[in-house]
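The values are calculated or read from the model by the stated rules, or taken from the named source; none is laboratory data. Keep in mind that what you see is a predicted model, and the values were worked out from it rather than measured. Backbone-built Cβ (ideal geometry, glycine too); neighbour counts: all protein chains shown. Protein only, heavy atoms only, side chains kept; ligands, DNA and RNA dropped before computing areas. Shrake-Rupley method; radii C 1.70, N 1.55, O 1.52, S 1.80 Å.
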Amino acid sequence: SVLTPQGAFLYAKLQADQGKFDAARPALEFVVQKASDEGHQALARLRLAALLIERKDLDGALTQLSAKAPTPFAPLFDDRRGDVLALQGKSAEAVAAYQAAWKAMDERMDYRRLVEVKLVALGADPKPTGEAKSAAGASQPKGGASS
């Protein structure tokens, strides 16, 4: 049933909003383990990873993010993995994760700009080397298409 994951998400959010991360965690773990919808499972993993990051359990967060994500969630998993790796001081690995996220996101997506900011903060070009040269000629005009 759709209501069970939705109830678990709501309960976890209410607990997390009150700073009760240990109470929120089982609800998200329930969705990861029991939900029949892979989108619900992916969302629960992302939220669980965020809780684990908040609790400074970076290895636990990486474990959640190492699961195969459904295609629409893959860039979000890569982005969050980049966050964890950056917190662990693994800059090169964080850059690789952020670049994977950036590349997989639609160029009109606002969230992609945030990933680009993270890459620049780590001293990296958002476009991997080969892509930067080929994309430079393809998208030169900067008319009214930006959002």
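Spin-label model, LYS103/GLN33: points 7 Å from Cα along the beta carbon direction are separated by 3.6 nm.
Other residues whose C-beta falls under 14 angstrom from the C-beta of PRO5 contribute a net charge of +1, scoring Lys and Arg +1 and Asp and Glu -1.
Of the cross-linked pairs LYS90/LYS118; LYS13/LYS103; LYS20/LYS90; LYS68/LYS90, those separated by over 19 Å at the C-alpha level are LYS13/LYS103; LYS20/LYS90; LYS68/LYS90. The distance between label points at LEU87 and LYS68 comes to 2.7 nm (points 7 Å beyond Cα on the Cα→Cβ vector). Shape annotation for segment 1-61: C-alpha extents along the principal axes are 32, 23, 13 Å, from largest to smallest.
Between LEU14 and ASP59, the simple label model (points 7 Å from Cα in the Cβ direction) yields a spacing of 3.4 nm. Distance between the C-alpha centres of segment 21-39 and segment 88-123: 27 Å, rounded to the whole angstrom.
Nonpolar atom fraction for segment 1-105, defined as the carbon and sulfur part of the 1.4 Å probe accessible area, stands at 53 percent.
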